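The structure appears right after this line, and notes come after that.
The values are calculated or read from the model by the stated rules, or taken from the named source; none is laboratory data. Nothing here was measured: the structure is a model prediction, and the numbers come from that model. For neighbour counting, all protein chains shown are included, and Cβ atoms are generated from backbone atoms with ideal geometry for every residue, glycine included. In case anyone asks, the SASA skips ligands and DNA or RNA and just uses the protein heavy atoms, side chains included. Shrake-Rupley method; radii C 1.70, N 1.55, O 1.52, S 1.80 Å.
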Amino acid sequence: MASFLEDIRYAFRRLRKTPGFTAVSIITLALGIGANTAIFSLTDQILLRLLPVSHPEELVVLRSPGATRGHTWSDGLEGGTFSYPMYKDLRDRNQVFSGVIARYPLSLSVAGHGQTERVAGELVSGNYFQVLSVNPVFGRVFTSEDETAPGANEVAVLSYGYWARHFGANPAVLNQQLVVNGILLTVVGVTRPGFSGVEIGQVPEIFVPITMKAQMTPNWNGLEDRSDHWVAIFGRLKPGLSPAQAHSGVQPLYHALLEFEWPLSKSSAADKERFVGRPLLLDPGANGRPIVQLDAKQPLLFLTAMVSLILLIACANLASLLIVRGEARRREVAVRLSLGASQQRILRQLFTEILMLTAAGGALGLGLASWTTKILVTALASGAAVAGLEAGLDYRVLSFAIAASFGASLLFGLAPAFRSTRVDVHGALKEQGSSLSGTRTNVLLRKALIVCQVGLTAALLAGAGLFTHSLVNLKRLSLGLRTDHAIEFSIAPGLNRYTPARTVAFCDRLQETIARLPGVESVSAARVPVLTDSDAGADVTLEGYVPAADEELHFFENWVGPNYFETLGIPLASGREFRAADGPDSPKVAIINKTAAQRYFARRNPVGLHLALGAGSGAHPDIEIVGVAEDSKHTNVRDPVHPFVYIPYAQDKTLSHVTFYVRTAGDPAAMSRRLRKAVAELDPALPVYDLRTLDQQLDDSLFADRLVTFLSLSLGGLACLLAAIGLYGVMAYLVTRRTREIGVRIALGATRKNIAWLLLREGLRMMLAGLAIGLALAALAGRWIESQLFGVKASDPFVFGSVIALLSAIALLAGGLPARKAATLEPMVALRYE
């Protein structure tokens, strides 16, 4: 122990005497470790962390992709929702699950203290908490007795976080009543801390029994409808049963249930095989319902690969610095060996210095990681609406940082330290002064490290360039609508017990009120907001069009108000806009987009013809097409244009929420306060949410692309900095090592230009070798990320050319400074250099 403390004291003195080397080493490591730790923190929370429930490895997510009939609510997981009657059948009749739970996320309006707030909620089955083994912190959670009959279970369980924030963690909340969506619910318990549902990115704050569906989603029941698919299902496997065995055991039951449902679908006999043949898939559910993971997996894996390369570049820099330091200490090591010190003792001393450097670099890296993680978590919460991520660094992240720090020291510190102890004692003692003559092997090793650094940097820059080019393409893409001078906001009157008829009347009055505001050019509303990854669709029947046997006529749909196309800047190709006269009692009308017109009415004018929402023998086209709109983006920027049908929202018999769009003459953001006031004047208890300009909404829809581009550019810039430092260090080392040679060459008549080119050529050779390796790696990696790009190929010549130009400029700058210094040496000074 005493000798270890002595090693620490000696290492501290040595590092203090070389502040430049110490500072560069620590900062280099801190940047690499900090970047890796920050990205690992996100990757761990989104992709790796298990649900905080008992035995999460036993959970599976049920999916059934394939042909369905009726209404389907989807959260992005293909085939991931079922009808409530199907859930009950699977729960009660299966032989492979110890429990099956159902859930449906929704927004709730909670009234109190003279105001109404929107809260994230979740409808859950009575066995939800029991199957997950989630206990309350006090009170009780739901049981099967809380799932008895529609509308009969007026109780609620609060999340721990909601209880602490809104009720001050007061136990007196038990048995109190909350007004939720206009219904009195009695609080029966509070969940334990740490439990935030079964889907990463969603944090339900109030849990309500699923049998309260009709009361919590006014104007939409769906509890008894086998054609209404909205329930997400988890199953817990019986002990000892594998997912494959469970799949084989439950598939016959599911097939029989589909056979029972088939006559209810009212579809043609030709569709029966596709309907009944749908599989029931059991996906791993240990990490929760994989919605955020589907979108985040590829970008996070790519960023993880990038920060790993940054750490490798940082470690290569550290190894290069340690080699130089070892050269400078050859005489010291030789003296200590000649006085009887063993190689093991010197190696231990050198490795102690390396451990101190990595410990300091790791500590600084944790600080950088904490700061970076807070920024990323805040950005994800606001831009991507991913809630529940933690900005703090837990024990898993700390363990990763420690492992990364000491792994770096072992991998890249031991070899230089070991080489430093292998010196020719007699040769080293004969060297004069502090000569850095070194060995040719060390020079070659440092050059090899620089080539690797340049190669990794080129790969990083190419990746950053591809994402940047992709983002530029997305921003330049024609949307078919105008986002400038427009602002939007959403309201949900249905959650405040408005009927569809009252909702229509309220929206009409609000539209008239807003239209009278100064600076408003036009105003309209839509049920499904644009560019929010939200959509709705339905099978259609078209007048005079006979589909092929296996053809599905599926249109995207939206319910919009008068002047919708004018307000969003979507031109009409023919026909007319919706008018205020297109009310609930007027003849049914619709507008289709140009894609639908060209695909299904190629030789006919669709204006004046009819369609029906629905398919099969019961569908009769009774909706007149009154216009054709130009194509425009709806779900998101990347999504291709689909056949689309627009219906007046006044003719929507289930309308409960709308998004208003207001086009202004001036700055749309300046309208925010007046728009809130306009809503409050009509109903002060109606919350306004998602108030933002349409330009902001467009930016939010591109949030993932912007974040990945920003991070990849930042990491690419960091790699460039580290590569430049490494190249400068090698070139400066070469100049120092060849000082006498330079003096001889100048004395024999070499020009300054010859000397500069002689040395600069070394840097360019290393740069070209690294470029060749890096661009080859980038071309291979580009195929992996090509699915994340838009309008860009993995081997984009513009991106690769930009990388070559940038790294060549860095090579000229980092190598040119030492070369210029060498060219200005005086011959006599150089010849006397030792």
Can you list the GluC sites (Glu not before Pro) in segment 504-587 that are in a DSSP coil and have 12 or fewer other beta carbons within 10 angstrom? Glu551, Glu552
Residue-by-residue Karplus 3J(HN,Hα) for segment 709-718, coefficients 6.51, -1.76, 1.60, Hz, glycine and proline x: 5, 4, 5, 5, 5, 5, 5, x, x, 5
Around Val155, under 12 Å between beta carbons, what's the net of Lys plus Arg minus Asp minus Glu among the other residues? -3
Show me, for segment 160-176, the HN-Hα J-couplings you get by feeding each phi into the Karplus relation (A = 6.51, B = -1.76, C = 1.60, θ = phi - 60°), rounded to Hz, glycine and proline as x. 4, x, 5, 4, 5, 6, 9, 10, x, 6, 8, x, 5, 5, 4, 6, 6
Relative to the longest principal Cα axis of the chain, at what angle does helix 84-93 sit, 0 to 90 degrees, rounded to 10? 70 degrees
Using a simple spin-label model with points 7 Å from Cα along the Cα→Cβ vector, what separation in nm is obtained for Glu630 and Leu444? 6.6 nm
Determine the share of the chain's accessible area contributed by carbon and sulfur atoms, expressed in whole percent, with a 1.4 angstrom probe. 59 percent
Going by the alpha-carbon gyration tensor, a ≥ b ≥ c the square roots of its eigenvalues, is segment 187-301 rounded (a/c under 1.5) or, if a/c is not under 1.5, prolate (a/b greater than b/c) versus oblate? oblate
If the cut-off is 25 Å between C-alpha atoms, which lysines fall inside it for Lys238, apart from same-chain ones fewer than 8 positions away? Lys88
The answer for Val528, listing residues at least 5 apart or on another chain whose modeled amide H is closer than 5 Å to its amide H, is Trp559
Under 5 Å between amide hydrogens, which residues at least 5 positions from Val645 or on another chain qualify, with H placed 1.01 Å from N in the peptide plane? Phe556, Glu557, Asn558
Per DSSP helix of 4 or more residues, -39500 (n - 2.57); summed, then divided by the residues of the chain. What does that give at 222 nm, rounded to the nearest 500? -16500 deg cm²/dmol
Under 5 Å, built H, 5+ apart or other chain: amide partners of Leu691: Ser490
Check the straight Cα-Cα distances from Lys297 and name the lysines below 24 Å, setting aside those fewer than 8 residues away within the same chain. Lys374, Lys475, Lys793
Determine which lysines satisfy two conditions relative to Lys653: a Cα distance under 23 Å, and not lying fewer than 8 residues away in the same chain. Lys213, Lys266, Lys588
From the list (i) 0.99; (ii) 0.97; (iii) 1.07, can you say which value of Rg/Rh (Cα atoms, Kirkwood Rh) was derived from the structure given? (iii)
If packing is taken as the mean number of other Cβ atoms within 10 Å per residue, what is the order of 30-38, 764-772, 354-362, highest first? 30-38, 354-362, 764-772
Between Asp283 and Lys17, what length comes free when the chain is fully extended (0.36 nm per residue of separation minus the Cα-Cα distance, one decimal in nm)? 89.9 nm
Going residue by residue through segment 651-656, the Karplus relation 6.51 cos²θ - 1.76 cosθ + 1.60 with θ = phi - 60° gives ³J(HN,Hα) values, rounded to whole Hz and with x marking Gly or Pro, of 9, 8, 7, 10, 4, 9
By how many degrees, 0 to 90 and rounded to 10, does the Cα axis of helix 440-476 deviate from the longest principal axis of the chain? 20 degrees
Which is farthest toward the positive dipole end of segment 572-679 among Asn636, Gln598, Gly666, measuring Cα position about the Cα centre, with Cβ charges +1 (Lys, Arg) and -1 (Asp, Glu)? Gly666
Ser98-Arg676 pseudo-label distance in nm [points 7 Å out on the Cα-to-Cβ vector]: 5.0 nm
For segment 196-322, the charge dipole (Cβ of Lys, Arg +1; Cβ of Asp, Glu -1; about the Cα centre) points to a positive end, and the Cα of Cys315, Asn219, Pro279 closest to that extreme belongs to Cys315
Rounded to the nearest 5, the percent of DSSP beta bridges in the chain running antiparallel is 75 percent
Dipole size in debye (nearest 20) for segment 574-710 around its Cα centre, Lys and Arg Cβ +1, Asp and Glu Cβ -1? 220 debye
Got a sec? Which residues in segment 57-81 would a label at Arg638 touch, if it sits 7 Å along Cα→Cβ and we count backbone N under 16 Å? 76-78
Expressed as an acute angle from 0 to 90° and rounded to the nearest 10, what is the orientation of the C-alpha long axis of helix 752-785 relative to the principal long axis of the chain? 30 degrees
With both partners inside segment 140-253, how many of the DSSP beta bridges are antiparallel, as a percent to the nearest 5? 60 percent
Sparsely packed chymotrypsin sites (Phe, Trp or Tyr not before Pro) within segment 650-728, loop by DSSP, other Cβ within 10 Å at most 15: none
So for each of 795-801, 119-125 I average, over its residues, the number of other beta carbons within 10 Å; can you give me the resulting order with the highest mean first? 119-125, 795-801
